[in-house]
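Enquirer: Next up is a structure, given as structure tokens.
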Amino acid sequence: MATATLHTVFGIFGNITALFLFLAPIITFIRIYKSKSTEKFSGIPYVMTLLNCLLSAWYGLPFVSPNNMLVSTINGTGAAIEVVYVVFFLFYAPRKEKAKIFGLFMLVLTVFAAIALVSLFALHGNKRKLFCGVAATVFSITMYASPLSIMRLVIKTKSVEYMPFFLSLFVFLCGTSWFIFGLLGHDIFVFLPNGFGCGLGTAQLILYFIYRNYKGEPKNKVHDVVCVEEKVETEKNAEGDPAKHQLDLMNKKADEQV
């Protein structure tokens, strides 16, 4: 009885933390809306997250795997949110990017439809659960692994500018809650990918606390570099065009006097 209660509690907590993760990109889309352009943002993560949500929501349905309805509720919600993101991205994306993302979007829907139909009509019982579970696990791990490039950037630049604390925190909380949910439910297809997410979230938090106080290059050093660059540029101008160089010096002197 206590195990069943804990199972439900961690499932609800997982729903809450996952919802925060799904809503995190809203800030990005507010920026896209204001600039009327997708700039250099990529639409691929939203399409791939959509596929993960669709597969996980399908896996959580009672006729695929029992006692996982809470998996379906949050991933069904997540799928709806990701569809909104993808449509919004397509509206503001340039023509070439729009064609690429739309093609990927159609591919994702086709893959999901194929997996759903095969599992529904060709497989039954444990075979259906195994087939859908493996598919959901692969794409869940892929989704959790997407921040690895950001972590590499943090290590390289020693700056957490592109790895917000609360996003890392909710990756950790979401992964941990679903990991425990899967353990309590004895479901390897839930605890395996979310165990990976828990570890990744932990690594992100460790990196954040290591580099959170990094202030970047000292201002004096930056100033010295700028002065050297200006001196080199001045010498090049003097060699290439003495008359122009002399005129630039006179203008600079006049500006200083003013």
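Enquirer: What shape does the range 74-116 take by its C-alpha gyration tensor, where a ≥ b ≥ c are the square roots of the eigenvalues and a/c under 1.5 counts as rounded, a/b above b/c as prolate, and the rest as oblate? If you can, show how the numbers build up before the last one.
Expert: Values: a/c = 4.78, a/b = 1.38, b/c = 3.47.
Judged from the Cα gyration tensor, the range 74-116 comes out oblate (a/c at least 1.5, b/c at or above a/b).
Enquirer: Using the Cα centre as the reference, give the magnitude of the dipole from point charges on the C-beta atoms of the range 80-172 (Lys, Arg: +1; Asp, Glu: -1; all else neutral), rounded to the nearest 20 debye.
Expert: 240 debye
Enquirer: Here's something else I'd like to know. Work through the residues other than PHE63 whose Cβ is under 14 Å from its Cβ and net out their charges, Lys, Arg +1 and Asp, Glu -1.
Expert: On the way: positive: LYS127, ARG128, LYS129; negative: none.
Once all neighbours under 14 Å are counted, the net charge is +3.
Enquirer: Next question, about the same structure. Longer than 23 Å from Cα to Cα, which of LYS36/LYS156; LYS36/LYS98; LYS36/LYS96; LYS96/LYS158 are they? Say none if no pair is. Mind dumping the intermediate values first?
Expert: Details: LYS36/LYS156 32 Å; LYS36/LYS98 14 Å; LYS36/LYS96 16 Å; LYS96/LYS158 34 Å.
Distance filter (> 23 Å) returns LYS36/LYS156; LYS96/LYS158.
Enquirer: For HIS124 and PHE63, compute 0.36 nm times the residue count separating them, minus their Cα-Cα distance, and round to one decimal in nm.
Expert: Taking HIS124 through PHE63 to full extension adds about 21.1 nm, to one decimal.
Enquirer: For the range 172-193 and the range 112-157, compute the distance between their C-alpha centroids and round to whole Å.
Expert: For the range 172-193 versus the range 112-157, the Cα centre distance is 14 Å.
Enquirer: Beta carbons within 10 angstrom, averaged per residue: use that to sort the peptides 192-201, 2-11, highest first.
Expert: On the way: 192-201: 21.0, 2-11: 14.2.
Peptide ranking by packing, descending: 192-201, 2-11.
Enquirer: Loop only by DSSP, 14 or fewer other Cβ within 10 Å of the Cβ. Give me the trypsin sites (Lys or Arg not before Pro) in the range 15-45 that pass, ordered by residue number.
Expert: Within the range 15-45, the qualifying trypsin sites (Lys or Arg not before Pro) (loop, at most 14 other Cβ atoms within 10 Å) are LYS36, LYS40.
Enquirer: Then there's this: Just need the relative contact order of the range 1-110 here, percent rounded to a whole number, with Cα pairs under 8 Å and 6+ apart. If you can, show how the numbers build up before the last one.
Expert: On the way: 91 pairs, mean separation 35.3, N = 110.
For the range 1-110, the relative contact order is 32 percent.
Enquirer: Also: Just to verify a number: what accessible area does LYS98 come out at with the full protein assembly present, 1.4 Å probe, Å² rounded to tens?
Expert: LYS98 exposes around 80 Å² with every protein chain in place.
Enquirer: Accessible area, 1.4 Å probe, largest first: how do VAL134, VAL190 sort?
Expert: My answer, sorted largest first, is VAL134, VAL190.
Enquirer: Mind checking the per residue accessible area of the range 108-215 for me, 1.4 Å probe, whole number of Å²?
Expert: Working: 5920 Å² over 108 residues.
Normalised by residue count, the accessible surface of the range 108-215 is 55 Å².
Enquirer: Mind jotting down the three principal axis lengths of the range 1-59 based on Cα atoms? Whole angstrom, largest first.
Expert: That gives 53, 21, 12 Å along the principal axes, largest extent first.
The values are calculated or read from the model by the stated rules, or taken from the named source; none is laboratory data. Because the structure is predicted, anything quoted here is derived from the model rather than measured. Using ideal geometry, Cβ is built from the backbone for each residue, glycine included, and neighbour counts are taken over all protein chains shown. To get the accessible areas, we keep the full protein, side chains included, count just its heavy atoms, and leave off ligands, DNA and RNA. Shrake-Rupley method; radii C 1.70, N 1.55, O 1.52, S 1.80 Å.
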